[in-house]
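One structure below.
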Amino acid sequence: MQQNVIITCAVTGNLTTRENHPGLPVTPEEIANACLEAADAGAAIAHIHVRDPVTAKPSMELKYYREVVELIRAKNTALILNVTTGPGGRYHPSDENPAVAGPRTTLMRPEKRVEHIVALKPDIATLDLNTMTFGSEVVINTPANVKIMADIINEAGSKPELEVFDTGHIQLAQDLLKAGVLKSPAMFTIVTGVKYGFPSTTDVMATAARMLPGDAVWTGFGVGRMSFPMAVQAYLLGGHVRVGLEDNSYIAKGVLAKGNGELVERARDLIEKLGGRIAEPSQAREILGLRA
């Protein structure tokens, strides 16, 4: 098990809605405050998506990312910022002709998906390696597009966080590491509980962790009711943990969490009761090889 455990808080995501949780952060100010709240509770990393402040729908607008980052940095310069590049990879086949994109398609050029990373140069930028069925749509991240995004993220000085949802995604990462597209030691996140991907079980998370490069630093998490069980499993298997309203709205069965801070507090409590210690941002930077 890790001597110092990094807690990441994913504060809003792009699928959770205010129907799931009425307190979901939506505006740049709300998202920034949620990140600061998570940091106060013990999170060393904040995972950031942005939304249209009027419609609450997912957004890729640079101005929203910039505002969130500036609001956080005005009050906290230590918190590690992990900014998503996930939006822009979804294809919705239309009912009349699956070769024609339907209204929920967000697919765009890979360069467009990382424009905000070039502009803001966050500590970490997510790099999804999944091509898979996602609800009634398909998420598409071809090896060629992943390479383009990885090159741009590296040039920006950000560290790619490799999100893997199934075993093939780990094999893709291994190939990219061998080709020199990705640098070692790599940072992985094992995502469980997404339908048609890794299920949230001990055996599956352990198998995924064993498939990673020996020098990898990894985080594991589960979605929905498996959020806290998989946080504990990740810790016990030698990884770091992630919680947040992106992944789970509840602190207990039928009881909505007060917010991201309470979810981080619960994860911290579980780890500390098992004898673990929570990493400060400075310790997390050292573990991940990030600039001070």
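The values are calculated or read from the model by the stated rules, or taken from the named source; none is laboratory data. Values in this document were obtained by computation on a predicted structure and should not be read as measured data. Neighbour counts are summed over all protein chains in view; Cβ atoms, including those assigned to glycine, are modelled from backbone coordinates with ideal geometry. Only protein heavy atoms, including side chains, enter the accessible area calculation; ligands, DNA and RNA are left aside. Shrake-Rupley method; radii C 1.70, N 1.55, O 1.52, S 1.80 Å.
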*Using a 1.4 Å probe, what is the accessible area per residue for region 1-160, in Å²?*
44 Å²
*Tell me, what HN-Hα J-couplings in whole Hz come from the Karplus equation 6.51 cos²θ - 1.76 cosθ + 1.60 at θ = phi - 60° for each residue of region 15-20, using x for Gly and Pro?*
10, 4, 10, 6, 6, 6
_Tell me the relative contact order for region 174-267 as a rounded percent, counting alpha carbon contacts under 8 Å between residues six or more apart._
22 percent
*asked:* With an 8 Å Cα cut-off and a minimum separation of 6 or more residues, compute the relative contact order for the chain in percent.
replied: 23 percent
*Based only on the alpha carbon positions, what is the Kirkwood hydrodynamic radius of region 78-212, in angstrom?*
15.6 Å
*Quick one: which residues, 5 or more positions from ALA125 or on another chain, have an amide H under 5 Å from its amide H? H modelled 1.01 Å from N in the peptide plane, none for Pro or chain starts.*
VAL83, LYS159, GLU161
*12 Å beta-carbon shell around TYR250, net charge (K/R +1, D/E -1)*: +2
*Which of the peptides 129-140, 43-54 is most tightly packed, and how do the rest follow, going by the mean number of other Cβ atoms within 10 Å of each residue?*
43-54, 129-140
_For a quick check: with amide H placed at 1.01 Å from N, whose amide H comes under 5 Å from TYR250's, ignoring anything fewer than 5 positions away on the same chain?_
ALA257
*Distant-in-sequence amide H partners of ARG51 (H built 1.01 Å from N, under 5 Å)*: SER59
*Share of Cα-Cα pairs in region 1-129 beyond 23 Å, in percent?*
36 percent
*Using a cut-off of 12 Å between beta-carbons, work out the net charge of the residues near ARG291 (Lys and Arg +1, Asp and Glu -1, ARG291 not included).*
+1
*12 Å tail of the calculated P(r), region 187-230, as % of Cα pairs*: 55 percent
*asked:* What does DSSP give for region 10-147 in terms of the percent of beta bridges that are antiparallel, rounded to the nearest 5?
replied: 55 percent
*Within a Cβ distance under 10 Å of VAL50, other residues only, what is the Lys/Arg minus Asp/Glu net charge?*
0
*Over what distance in Å are the Cα centres of region 52-84 and region 134-185 separated?*
23 Å
*Between MET108 and LYS178, with labels modelled 7 Å along Cα→Cβ, what's the label distance in nm to one decimal, could you check?*
3.4 nm
*Once you sort the root eigenvalues of the Cα gyration tensor of the chain as a ≥ b ≥ c, which label holds: rounded (a/c under 1.5), prolate (a/b larger than b/c) or oblate (the other case)?*
rounded
*asked:* Across region 193-266, what fraction of all alpha-carbon pairs, as a whole percent, falls in each successive 5 Å bin from zero upward?
replied: 3, 17, 28, 23, 16, 9, 3, 1
*asked:* What does DSSP give for the chain in terms of the percent of beta bridges that are antiparallel, rounded to the nearest 5?
replied: 25 percent
_In region 107-242, lysine pairs with alpha-carbon atoms under 22 angstrom apart (chain gap of 8 or more, or interchain)_ = 11
*asked:* Given a 1.4 angstrom probe, I'd like the percentage of the accessible area of the chain that is carbon and sulfur, rounded to a whole number.
replied: 52 percent
